[in-house]
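**Q** Next up is a structure, given as structure tokens.
The values are calculated or read from the model by the stated rules, or taken from the named source; none is laboratory data. In this text, all values refer to a predicted model and were calculated from it rather than measured experimentally. Methodologically, a virtual Cβ is constructed for each residue, glycine included, from the backbone with ideal geometry; neighbour enumeration extends over all protein chains shown. Just so you know, the surface numbers come from the protein's heavy atoms only, side chains and all, with ligands and any DNA or RNA stripped out. Shrake-Rupley method; radii C 1.70, N 1.55, O 1.52, S 1.80 Å.
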Number of protein chains: 2
Amino acid sequence: MSLDHALLVSLLEKPSSGYALARRFDRSIGHFWQATHQQIYRVLARMEEAGWVKGRLKAGDAAPDRREFTVTALGRREMSRWLGEPTEPQGYRDALMVKLRGAAFDEPVRLLGEVERRRAMHAERLAQYRAIEARDFSGPLDRQRALQYQVLKSGIRFEETWTEWCAETLGLLRDLERRDR
Amino acid sequence: MSLDHALLVSLLEKPSSGYALARRFDRSIGHFWQATHQQIYRVLARMEEAGWVKGRLKAGDAAPDRREFTVTALGRREMSRWLGEPTEPQGYRDALMVKLRGAAFDEPVRLLGEVERRRAMHAERLAQYRAIEARDFSGPLDRQRALQYQVLKSGIRFEETWTEWCAETLGLLRDLERRDR
DNA sequence: CGTTGCAATGCAACCCGTTGCATAGTAGGC
DNA sequence: GCCTACTATGCAACGGGTTGCATTGCAACG
């Protein structure tokens, strides 16, 4: 919800063009949020109309012209207002949970490959996060860095949880198979 | 994604009316998935047309007439087919992360109340899950029970992770405040 | 020089989820 | 007997996200 404010924060951290935002969402932030360029351009247009951001044409040195967006004073005020609002937790609906329950009406062992695949994916992400942690967040951190680190830490914790849970689930599935035979 | 299959599983576990499904989604499953009755009725209509489920009118004893849906053989086959498909992990985009990064451009201390509120919410959910665990999943479990328990366990793990992370975040925010003064 | 590829922006259409509203019947409170 | 509340179903409209396609400009490859 509210891609608007996610973009606002992203632009506060670094003024960018719509394209650059889309690319960045594929990387750092995008691990836990995905947005296509379409959404981004539309949201940017909406925010510009509302006066939260302002786009300036930067004639391309090499690439075609791009519109670089910066956050206005009004945008900052909106940001601040939004910070004060309460936010509800997002239910983490993952199809894997549904499949697990569904597997009771099929052969649970069929999920083995899938769960192992997922375990590997989460383990790999975890490794990526740890690499970022070591590279960018060792040593003393200023305020902004410290807060960014805390967000990264949530990613680390969740990927840890995922990998552990997947491993446990693999054990259960093998157990159920043994029981059936 | 694919509320269709979530409903299919729910109906396999227990044939129900649209209304009952909506209620159940508020409880057990709904902790990590929320669906309004609107969606549910529309999806049910779609699935009935596809022949995955069949609705039978049960003249109400007390309440008004309700249409109880059961899964057809075709629906079971679809379920089984879907189980074989790979599922991508759902990025857990939570506004709280965005706010934390945004707080770098405001007063981080303003988030204290919000994070504490969230910590309490997750702690409470955790307690609920643990209560369900003790009530419904102690002692030996059949296949279906065991799989349901594994889903519940993910809820427990994630809520644990959340509460711990929130507590850590509270520490950081207080730390940043001390630094500023 | 033409083709391929990528940076950068955008339109249009569709689907899904959300919100607000409507209805109809039954049960219980005052 | 009326009002409120709850069960049960549904329509309509809006907004956000997704997908597919289109365009312009530069750069590099053969």
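**Q** If a residue has to be open to solvent by 40 Å² or more (accessible area, probe 1.4 Å) and more than 18 Å from residue A:10 (Cα to Cα) to count, how many in region A:143-159 make the cut?
**A** Number of matching residues: 2.
**Q** Suppose we filter B:100, B:12, B:3 for residues that are out of contact with any Cys (no Cβ under 6 Å at 6 or more places or on another chain), modelled with pLDDT of 85 or more, within 16 Å of DNA strand D (Cβ to nearest atom) and open to solvent by less than 70 Å² (accessible area, probe 1.4 Å); which single one remains?
**A** Values: B:100 fails: within 16 Å of DNA strand D (Cβ to nearest atom); B:12 fails: within 16 Å of DNA strand D (Cβ to nearest atom).
Testing whether each residue is out of contact with any Cys (no Cβ under 6 Å at 6 or more places or on another chain), modelled with pLDDT of 85 or more, within 16 Å of DNA strand D (Cβ to nearest atom) and open to solvent by less than 70 Å² (accessible area, probe 1.4 Å) leaves just B:3.
**Q** May I pose another question? Out of everything in region A:71-94 that is closer than 24 Å to residue B:165 by Cβ and more than 7 Å from chain B (Cβ to nearest Cβ), what residue ends up being nearest to the chain's Cα centre (by Cα)?
**A** A:88
**Q** Of these, B:125, B:119, which one is buried (at least 17 other Cβ atoms within 10 Å of the Cβ) and at pLDDT 95 or above?
**A** On the way: B:125 fails: at pLDDT 95 or above.
Step by step, each of B:125, B:119 is checked, and only B:119 is buried (at least 17 other Cβ atoms within 10 Å of the Cβ) and at pLDDT 95 or above.
**Q** Looking at A:97, A:121 in this structure, which one is at the interface with chain B (Cβ under 7 Å from one of its Cβ atoms) and within 16 Å of the chain's Cα centre (by Cα)? Spell out how you get there, then give the answer.
**A** Numbers: A:97 fails: within 16 Å of the chain's Cα centre (by Cα).
Selected residue: A:121, the only one of A:97, A:121 that is at the interface with chain B (Cβ under 7 Å from one of its Cβ atoms) and within 16 Å of the chain's Cα centre (by Cα).
**Q** From the set of residues in region B:142-159 that are farther than 21 Å from residue A:108 by Cα and of a type outside the set (Phe, Trp, Tyr), which is nearest to the other protein chains (Cβ to nearest Cβ)?
**A** Taking region B:142-159 and keeping what is farther than 21 Å from residue A:108 by Cα, we get B:156-159.
Restricting the remaining residues to those that are of a type outside the set (Phe, Trp, Tyr) gives B:156-157, B:159.
Numbers: B:156: 10, B:157: 5, B:159: 9 Å.
Per the criteria, the residue is B:157.
**Q** Looking at (1) at the interface with chain B (Cβ under 7 Å from one of its Cβ atoms); (2) on the phi > 0 side of the Ramachandran plot, which one does residue A:139 not meet, given that it meets all the others?
**A** (1)
**Q** Where in region A:67-162 are there helices (runs of 4 or more DSSP H), lying fully within it, with 1 or more residues that are of a type in the set (Phe, Trp, Tyr)?
**A** On the way: elements: A:73-84, A:95-102, A:112-136.
In region A:67-162, the matching helices (runs of 4 or more DSSP H) lie at A:73-84, A:112-136.
**Q** Do we find a residue being β-branched (Val, Ile, Thr), more than 9 Å from chain B (Cβ to nearest Cβ) and surrounded by 13 or more Cβ atoms within 10 Å (Cβ to Cβ) anywhere in region A:160-175? Step through it out loud before you land on a result.
**A** In the first step, residues of region A:160-175 are kept if they are β-branched (Val, Ile, Thr); the result is A:161, A:163, A:169.
Then keep just the ones that are more than 9 Å from chain B (Cβ to nearest Cβ); that gives A:163.
With the extra rule that they be surrounded by 13 or more Cβ atoms within 10 Å (Cβ to Cβ), the set shrinks to A:163.
Yes; the residues of region A:160-175 include at least one that is β-branched (Val, Ile, Thr), more than 9 Å from chain B (Cβ to nearest Cβ) and surrounded by 13 or more Cβ atoms within 10 Å (Cβ to Cβ).
**Q** Working carefully through the options B:110, B:77, find the one that is touching a Gly at 6+ places or on another chain (Cβ under 8 Å), open to solvent by 70 Å² or more (accessible area, probe 1.4 Å) and away from DNA strand C (no atom under 16 Å from the Cβ). Please lay out each step first, then the result.
**A** Numbers: B:77 fails: touching a Gly at 6+ places or on another chain (Cβ under 8 Å).
Among B:110, B:77, only B:110 is touching a Gly at 6+ places or on another chain (Cβ under 8 Å), open to solvent by 70 Å² or more (accessible area, probe 1.4 Å) and away from DNA strand C (no atom under 16 Å from the Cβ).
**Q** For region B:41-73, name all the residues that are modelled with pLDDT of 85 or more, within 9 Å of DNA strand C (Cβ to nearest atom) and aliphatic (A, V, I, L, M).
**A** B:43
**Q** Yes or no: region A:80-99 includes at least one residue that is touching a residue at least 40 places away in the same chain (Cβ under 8 Å) and within 12 Å of DNA strand C (Cβ to nearest atom).
**A** Start the filter on region A:80-99 by keeping residues that are touching a residue at least 40 places away in the same chain (Cβ under 8 Å), which leaves A:82, A:90.
In the following step, the residues that additionally are within 12 Å of DNA strand C (Cβ to nearest atom) were identified as A:90.
Scanning region A:80-99, I find at least one residue that is touching a residue at least 40 places away in the same chain (Cβ under 8 Å) and within 12 Å of DNA strand C (Cβ to nearest atom), so the answer is yes.
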